[in-house]
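Chemist: Just passing along the structure, written as structure tokens.
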């Protein structure tokens, strides 16, 4: 009996005995590469260690320690059970990598994404606004990115050798029919919307998703702000106008109401403009946006703007070299956009909305008047679903109605002309994105479009793929076919036209590591079915056809560094474009006026904490743009001198009367270079038989802007 | 016979005792490790304690050790001198905060430590000041909304204001209010739970001194 008790007691005591064992080993992946920093834990305890830089570890075990577990983030855990205790043991853990997370590989070919995310690829919305050469204009800011050309006499987006009409703007997925302000030829227009209204900007220089169509070159996709956090009032005072914004933020609903008034008369009374204006450019505008949380999984966004503007100008009369014409422009514009986003049962996400745009322009030229109305309505619905297999599916439909009406009246002979049409467009699209084993993603889509006016339909395939080469680099490819209904200025004379089309081939290499990003992209765009007409018979429907074509190829380079210098960030963007096209009234295939061969942009910004200010400098250079000289043989053979602009700006943060304020100052073209954008020629030759040229330039050498923004 | 029964009873008590005290072992081990964070004199000691906290977190799958692991890593990040290496340490801390959030930890405390992580990011590169300072302020205001009596949230908000330039509404005069609020809340806590976050009283006192100078 006593021996049994003794043996039992002995059993317990031995379990607490102090025998030690030394275990050494390594932790590697399946390729045999060591994993430093991996945890090796003794099962059932908190004792353990971490592997060193060679993936090796050493542990002292007690007799009761029988299980060792190795783990490292992104890998599956590995257990080893020790069957017997020897004084020293060597172990080898082999960890299996877990499948990549769904969102790790992002297709970047042809896309510059600027959303406010942890993994922002290029620019943040605030970065756009502080680009000195932009003067607060979204489109001006985009011209500091590769793929765009600075066309200062126009102000719209010209992407990779493409015309401005080939680039479309979308807000929350819906088309913005008139994203630019109305202006005269040779005078730059600007974007209608303040960059502060948007939290995300995706700038596609080509090869964009099947969700979007009717844009031969590029899509600018803007996302309106998410639910505002604070109730506040913002007042802006600028040398060109004033504005006020009131935001109310509640639990379920938030809205912002804004009003702005711009008038350049005070500014031009101080800074002399080479053009005589009457009235000076003035705009009155109202903005309303609202965000409603319908439920935990659904929300509704509303966005609406209205603006009224006018401008009067004395411009050379190209029919007679000594006189000028009075040009007067009045514009009324309204745009509204409503979207619903909601989670349906079993994982489907529905995004549906409509957009309405109304634009009315009256042009009063001395000899004739033009009265133009354009109404556009769009309905769109998209269903999205992500599956566990790493597949994302998208299906949608789009219906649009475009109504255009133009009236022409010539006072000399009381000639009247009216052109109008209604075009109903329908589109269906579908896209699949699939993660294919580790580090590779493929996206394939198709879009079918139909236009009632042209009575034509087209099917556009889209394809893109991305392969990650390492943790910090990837290559990406994109291919797509794009169709676009010809511009209204052409359709007012004839409807017997086909879609214009373009095929894109894009290859992209991207490297990104700790605050530095390098992008190299090369592309080839093949244009087909571009509309041509005879310049002398522009009013004759028979002279129009889709017999134009062209190509555009080039290289875009982008390098951005936010980490080498502690207080400064900078980026460099370079584009090379080789493009020729025969379209519109062009008699032959030539490099168009909006495709300069080289464009270089350098932007640097620095934050000085002691004076709470950010100072920025931007330098833009582009080679001379082509223009046509009727005095010379050939077509579009001449080039203007190169374009160069150095702009600076400063944003100073301070508290004024206890309120947060920003004082903003900027000067464009600080060196005062007289950039020439092109030449117009008088219609009648001089006494010596030559057509006199007229240089298209800015009204002022430099543009000064001072502004004060206060948040109450 | 009786002796066998008694022995077996003793044996059973010893056995069940070890199972019963498993939870108490976890709490004791975690509480000890937390104390070691404060008492660590060298960076190597702090690293060891940080690794121990990680092991406890991996073994137990509860939010508290992940919280304290993140805390120890943020402390370690301030001791490093290479910016890239410090960012990597903060990336690991972010992973632990994310894990603790997945395990439904104390929302206010997790928001507060998230804000501290943002502040640590600024100290690596001042260019990030504008974005991360805003993020930290927004996160802290949420932390205070969830629990207005969280002294750490008020202390960190005070730190945010203290380091904001005076011209923009910062500086010690404006930060003082938050440190005073934090001090009152620290003093009100008699006996804090040893595994819940309870740091900050000493640092807060130091900041109060600085603001009153």
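Please treat every number below as a calculation from the coordinates, not as lab data. Treat the numbers as computed from the prediction; the structure is a model and nothing was measured. Cβ: placed from backbone, ideal geometry, glycine included. Neighbour counts: every protein chain shown.
Chemist: Once R0 is set to 41 Å, what does the formula 1/(1 + (r/R0)^6) return for the Cβ-Cβ distance between residue A:63 and residue A:30, expressed as a FRET efficiency to the nearest 0.05?
Modeler: For residue A:63 and residue A:30, the calculated efficiency is 0.80.
Chemist: Using a basic spin-label model with each label point 7 Å from the Cα along Cα→Cβ, how many nm lie between residue B:35 and residue A:648?
Modeler: Between residue B:35 and residue A:648, the simple spin-label model gives 6.1 nm.
Chemist: Now for a different question. Determine the shape class of region B:105-213: with a ≥ b ≥ c the square roots of the Cα gyration tensor eigenvalues, call it rounded for a/c under 1.5, and otherwise prolate if a/b is greater than b/c, oblate otherwise.
Modeler: Oblate shape, in that a/c is at least 1.5 and b/c is the bigger or equal ratio.
Chemist: Can you order the peptides A:476-483, A:638-645 by their average number of other Cβ atoms within 10 Å per residue, highest first?
Modeler: Highest to lowest by the protection proxy: A:476-483, A:638-645.
Chemist: To make sure I understand, if each residue's beta carbon is the centre and we count other beta carbons within 10 Å, what order do B:166, A:605 fall in, fewest to most?
Modeler: Sorted ascending by nearby Cβ count, the order is B:166, A:605.
Chemist: With each pseudo-label sitting 7 Å past Cα toward Cβ, what's the residue B:188-residue A:244 distance in nm, one decimal?
Modeler: 4.1
Chemist: First check a/c for region A:230-386, with a ≥ b ≥ c the square roots of the eigenvalues of its C-alpha gyration tensor; if it is under 1.5, answer rounded, and if not, answer prolate when a/b is larger than b/c or oblate otherwise.
Modeler: Oblate is the answer for region A:230-386, as a/c is 1.5 or above yet b/c matches or exceeds a/b.
Chemist: Here is a further query. Once every DSSP H run of n ≥ 4 in chain B is given -39500 (n - 2.57) and the sum is divided by its residues, what mean residue ellipticity at 222 nm do you get, rounded to the nearest 500 deg cm²/dmol?
Modeler: Using -39500 (n - 2.57) per qualifying helix, the result is -27500 deg cm²/dmol.
Chemist: Another question, then. Note down the nm distance, to one decimal, between modelled labels 7 Å out along Cα→Cβ at residue B:203 and at residue B:141.
Modeler: A separation of 2.2 nm, rounded to one decimal place.
Chemist: Give me the distance between the Cα centres of region A:392-414 and region A:199-227, rounded to whole Å.
Modeler: Here the answer is 21 Å between Cα centres.
Chemist: A follow-up question, please. Defining a contact as two alpha carbons under 8 Å apart and six or more residues distant in sequence, what relative contact order in percent does region A:517-665 show?
Modeler: 16
Chemist: In whole Å, how far is the Cα centre of region A:17-58 from that of region A:439-517?
Modeler: Their Cα centres are 51 Å away from one another.
Chemist: From the square roots a ≥ b ≥ c of the eigenvalues of the alpha-carbon gyration tensor of region A:197-286, which class results: rounded (a/c under 1.5), prolate (a/b over b/c), or oblate?
Modeler: The shape class here is oblate.
Chemist: Could you order the peptides A:130-136, A:666-672 from most to least packed, using the average number of other C-beta atoms within 10 Å per residue?
Modeler: With the highest mean Cβ count within 10 Å placed first, the list reads A:130-136, A:666-672.
Chemist: Find how much the distance from residue A:469 to residue A:690 grows on full extension, using 0.36 nm per residue of separation minus their present alpha carbon separation; answer in nm with one decimal.
Modeler: Residue separation times 0.36 nm, minus the Cα-Cα distance, leaves 73.5 nm.
Chemist: Tell me what chain A gives for mean residue ellipticity at 222 nm when only DSSP H runs of n ≥ 4 count, each as -39,500 (n - 2.57), the sum divided by the residue total, rounded to 500 deg cm²/dmol.
Modeler: -1000 deg cm²/dmol
Chemist: Rounded to the nearest 0.05, what FRET efficiency do residue A:673 and residue A:426 have when you use their Cβ-Cβ distance and R0 = 60 Å?
Modeler: 0.75
Chemist: Once each part is reduced to its C-alpha centroid, what is the distance from region A:533-586 to region A:641-711 in angstrom?
Modeler: The distance from the Cα centre of region A:533-586 to that of region A:641-711 comes to 22 Å.
Chemist: Provide the percentage of antiparallel DSSP beta bridges, counting only those with both residues in chain A; round to the nearest 5.
Modeler: In chain A, DSSP labels about 95 percent of beta bridges as antiparallel.
Chemist: Next question, about the same structure. Angle check, please: helix A:2-15 long axis (alpha carbons) against the longest principal axis of chain A (alpha carbons), in degrees 0 to 90, nearest 10.
Modeler: 30
Chemist: Something else about it: I need the calculated FRET efficiency for the pair residue A:348 and residue A:79, taking r as the beta carbon distance and R₀ as 41 Å, to the nearest 0.05.
Modeler: For R0 = 41 Å, the calculated efficiency reads 0.55.
Chemist: Under the 0.36 nm per residue contour assumption, what length would be gained going from the current alpha-carbon distance of residue A:489 and residue A:704 to full extension?
Modeler: 73.9 nm
Chemist: If contacts are Cα pairs under 8 angstrom and at least 6 residues apart, what is the relative contact order of chain A in percent?
Modeler: 10
Chemist: Counting pairs of alpha carbon atoms under 8 Å apart in space and at least six apart in sequence, what relative contact order in percent does chain B give?
Modeler: RCO, chain B: 14 percent.
Chemist: What's the extension gain from residue A:308 to residue A:332 if we count 0.36 nm per residue and subtract their Cα-Cα distance?
Modeler: Residue separation times 0.36 nm, minus the Cα-Cα distance, leaves 8.2 nm.
Chemist: Mind sorting A:237, A:557 by how few other Cβ atoms lie within 10 Å of their own Cβ, fewest first?
Modeler: Fewest-to-most ranking of A:237, A:557: A:237, A:557.
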